[in-house]
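The next block holds one structure in the form of structure tokens; read it before the comments.
The values are calculated or read from the model by the stated rules, or taken from the named source; none is laboratory data. Everything quoted here is computed from the prediction, not taken from an experiment. Reconstructed Cβ throughout: ideal geometry from the backbone, glycine too, with neighbour counts over all protein chains shown. These area figures cover heavy atoms from the full protein model, side chains too; ligands, DNA and RNA do not enter into them. Shrake-Rupley method; radii C 1.70, N 1.55, O 1.52, S 1.80 Å.
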Amino acid sequence: MKIENIELRRVRLPLVRPFRTSFGTAVERETTLVRVVTANAEGWAECAAEPDPLYSSEFLDASDLVIRDHLIPRLQALGNGLTAEKVATTLEPVKGHFMSKAVLETAILDAQLKETGVSFGQYLGAVHDTVPAGVSVGIMDSIDELLDAVEGYLAEGYLRIKLKIEPGWDIAPVRAVRERFGPDMLLQVDANTAYTLADARHLALLDPFDLLLMEQPMKEDDLMGHANLAKLISTPICLDESIESARDAATAITLGACSIINVKPARVGGYLEARRIHDVAAAHGVPVWCGGMLETGIGRAANVALAGLPNFVLPGDTSASNRYYAEDLTAPFVLEKGHLRVPTGPGIGVEVLPDALKRVTVTTTNITF
Ligand code: SMG
Ligand code: MG
């Protein structure tokens, strides 16, 4: 494939409501979009890195720099021999920076699939036309505010609720939501590393609420801690931040550190590694689901395609566009009986809307390939 140009475009979109996690509050989403131009196609992807290194060590300014100065030059060296399948091995000498590698691989894969008329879903092996949608509900100022938010999401049709938790906002909100909305609602929590093993007894207080899973209670590098915690609580442990590769997934499963995995392509270097994690987990009988990083329609389209693979058996954090943005950068993803439709067009299968894009653009950098 011959790439002619790569554009890095910094955009900023207001969120419809602030999103608070154990590591901070976001009121807008800032990201870098990558547009890969070839002779016959244009591939798009968005970087999951955030402005500050709080979810993980990656952050947006560093990502732009590593893409420009370290990743693109290595891809340029491949010349016309470049394919999406060669991106990860070509970039392997550069340590870490999975989100930066992922956005490049994804934009190149989008261009490649558009050139050949194949959708992400077909390419990855999706077996479903629609995928069940969950929603991630941030930490709020009061339990009343939380109950109103959850009620609204359930009324829209979301099939699963995830509550963000942290010390001081855990047992009481979970109890309130479970008591108010009943035993049948699919409910889970995400701590984004806010606890330690010393909190095991406290976290066991969540056991009676029949949660689907507890996501990433402890530090990302603490696999043994998670394996130990798994023996002390009955809620299944799901890992997010800890899993950066299929090898990590195999290690975590073998250690007993998790029995469910949140797959985020951005966190693991792209959709090809994400599919390998899906496969490794499936081989171990471990279910997976698709996480989210507040993606616009560009990133959401590819995530929804991935979530169509057979072992994505739990609803994902793949919510409708209006959960995040008043105006998305693509035609909005909408809930249909609690599901999102897997795009069927070539590549990511959605068009970027030029006017919407213009309104949110902060800077544009072009790199001639
Ligand atoms: O895309 O709906 C979404 C956000 C889902 O909770 C979500 N993501 O740890 O799983 C997670 C968080 C990380 C992102 S916070 C900006
Ligand atoms: Mg998480």
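A few points about this structure:
- Its Cα gyration tensor gives the stretch 1-57 an equivalent ellipsoid, and the semi-axes of that ellipsoid, as √(5λ) in whole Å with the largest first, are 30, 12, 7.
- Rotationally averaged projected area of the stretch 99-190 (alpha carbon convex hull; nm²): 8.6
- Binned Cα-Cα distance frequencies in the chain - 10 Å width, integer %: 5, 26, 35, 24, 8, 1
- The dipole here belongs to the stretch 53-169: it is taken about the Cα centre, uses +1 on the Cβ of Lys and Arg and -1 on the Cβ of Asp and Glu, and is about 660 debye.
- For the stretch 295-369 versus the stretch 137-212, the inter-centroid distance based on Cα atoms is 26 Å.
- Amide hydrogen proximity for residue 314: with H placed 1.01 Å from N in the peptide plane, the residues at 5 or more positions away or on another chain lying under 5 Å are 288.
- Two-decimal log10 I(q)/I(0) for the stretch 175-296, as the Debye equation yields it once each C-alpha is a single scatterer, q = 0.13, 0.16 Å⁻¹: -0.50, -0.75
- For the stretch 185-267, the dipole from Cβ point charges (+1 on Lys and Arg, -1 on Asp and Glu) about the Cα centre works out to 160 debye, to the nearest 20.
- Scalar couplings 3J(HN,Hα) for the stretch 235-242, obtained by applying the Karplus form with A = 6.51, B = -1.76, C = 1.60 to θ = phi - 60°, are 5, x, 9, 10, 9, 10, 3, 5 Hz; x denotes Gly and Pro.
- What the chain shows is 39 Å² of accessible area per residue, with the surface traced by a 1.4 Å probe over protein heavy atoms.
- Square roots of five times the Cα gyration tensor eigenvalues for the stretch 82-142, Å: 29, 22, 9
- Straight-distance candidates among the lysines for linking to residue 164, with alpha-carbon spacing under 21 Å and chain neighbours fewer than 8 residues away dropped: 219, 264.
- Across all directions, the average projected area of the convex hull around the alpha carbons of the stretch 248-353 is 6.8 nm².
- Leading residue at positive end of dipole, the chain (Cβ point charges), from 266, 133, 185: 266
- Each residue of the stretch 212-219 is assigned a 3J(HN,Hα), and the resulting list reads 4, 5, 10, 9, 6, x, 10, 3 Hz, derived from the Karplus form 6.51 cos²θ - 1.76 cosθ + 1.60 (θ = phi - 60°), x at Gly and Pro.
- With at most 14 other Cβ atoms within 10 Å, longest stretch of the chain clear of loop trypsin sites (Lys or Arg not before Pro) (DSSP): 96-336
- Cα shape, the stretch 114-259, gyration tensor, a/c 1.5 rule: oblate
- Shape call, the stretch 1-140: gyration tensor on alpha carbons, a/c limit 1.5: oblate
- For the chain, a crude dipole built from +1 on the beta carbon of Lys and Arg and -1 on the beta carbon of Asp and Glu, taken about the Cα centre, is about 540 debye to the nearest 20.
- Couplings 3J(HN,Hα) for the stretch 202-207, derived from phi with the Karplus relation 6.51 cos²θ - 1.76 cosθ + 1.60 (θ = phi - 60°), are 5, 5, 5, 5, 7, 3 Hz, where x marks Gly and Pro.
- Residues with amide H under 5 Å from that of residue 130, placed H, sequence gap 5 or more: 342
- Over the chain, Cα pairs under 8 Å with separation of 6+ residues give a relative contact order of 22 percent.
- With the charge dipole of the chain set up from +1 on Lys and Arg Cβ and -1 on Asp and Glu Cβ about the Cα centre, the Cα lying farthest toward the positive end among the listed residues 306, 176, 230 is that of 306.
- For the listed residue pairs 2/101; 101/162; 95/162, the alpha carbons are over 24 angstrom apart in 101/162; 95/162.
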